[in-house]
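Notes for the one structure printed next.
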Amino acid sequence: MKIILLVQFSSDISTRTYRIFNTLENTVKFLLSLYQKATANRYDGSFKVKYLVDCILSLYDFSCLISEKEDGCYSPLGKDWYIDTMIKQLSQL
């Protein structure tokens with residue numbers, strides 16, 4: 001599996017970035033690190049999935065390209081798919 005995560009933090013195009021992951025678990029861990037950075041000044045030590053979801057929803061742009069097949073074709077998936085998948089993944093951690 002290959003996952004290309006495309007993120008833009010604000011309307012400023014210089015905030016665009018991407019990361020490539022081999023597992024969904026690593027993608028979730030990366031987003032958790034973004035969440036912790038975004039909430040550093042108001043992080044109270046507790047973790048709530050709702051806050052992570054709100055963090056993802058607040059991103060200016062967020063997309064995933066996922067390839068699960070050997071043919072190398074990627075399928076585009078958006079925030080809703082990712083949030084559902086992330087919640088399932090977090091329940092397994």
Test Ser33 against the criterion of being modelled with pLDDT of 90 or more, polar (S, T, N, Q), in a helix (DSSP H, G or I) and out of contact with any Phe, Trp or Tyr (no Cβ under 7 Å at 6 or more places or on another chain), and give yes or no.
no
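Is the range 37-46 home to any residue that is modelled with pLDDT of 85 or more and not charged (D, E, K, R)?
Scanning the range 37-46 turns up no residue that is modelled with pLDDT of 85 or more and not charged (D, E, K, R).
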Write out, first by first residue and then by second, each pair whose Cβ atoms fall under 7 Å of each other, whose residues are 6+ apart or on separate chains, and whose first residue, in the range 6-27, is loosely packed, with under 11 Cβ neighbours inside 10 Å while the second is assigned to a loop (DSSP other than H, G, I, E, B).
Ser11/Tyr60; Asn22/Met1
Residue, surrounded by the most Cβ atoms within 10 Å (Cβ to Cβ), within the range 53-91, restricted to residues that are charged (D, E, K, R) and in contact (Cβ under 8 Å) with a residue 24 or more places away in the chain:
Asp61
Identify all residues within the range 62-76 that are on the phi < 0 side of the Ramachandran plot and over 11 Å from the mean Cα position of the chain (by Cα); write none if there are none.
Leu65, Ile66, Ser67, Glu68, Lys69, Glu70, Asp71, Cys73, Tyr74, Ser75, Pro76
So for the range 47-66 (the condition being outside any helix (DSSP H, G or I) and at pLDDT below 85), does at least one residue qualify?
yes
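The values are calculated or read from the model by the stated rules, or taken from the named source; none is laboratory data. None of the values given here were measured: they were computed from a predicted structure. Don't worry about glycine lacking a Cβ; one is built from the backbone with ideal geometry, like all the others, and counts go over all protein chains shown.
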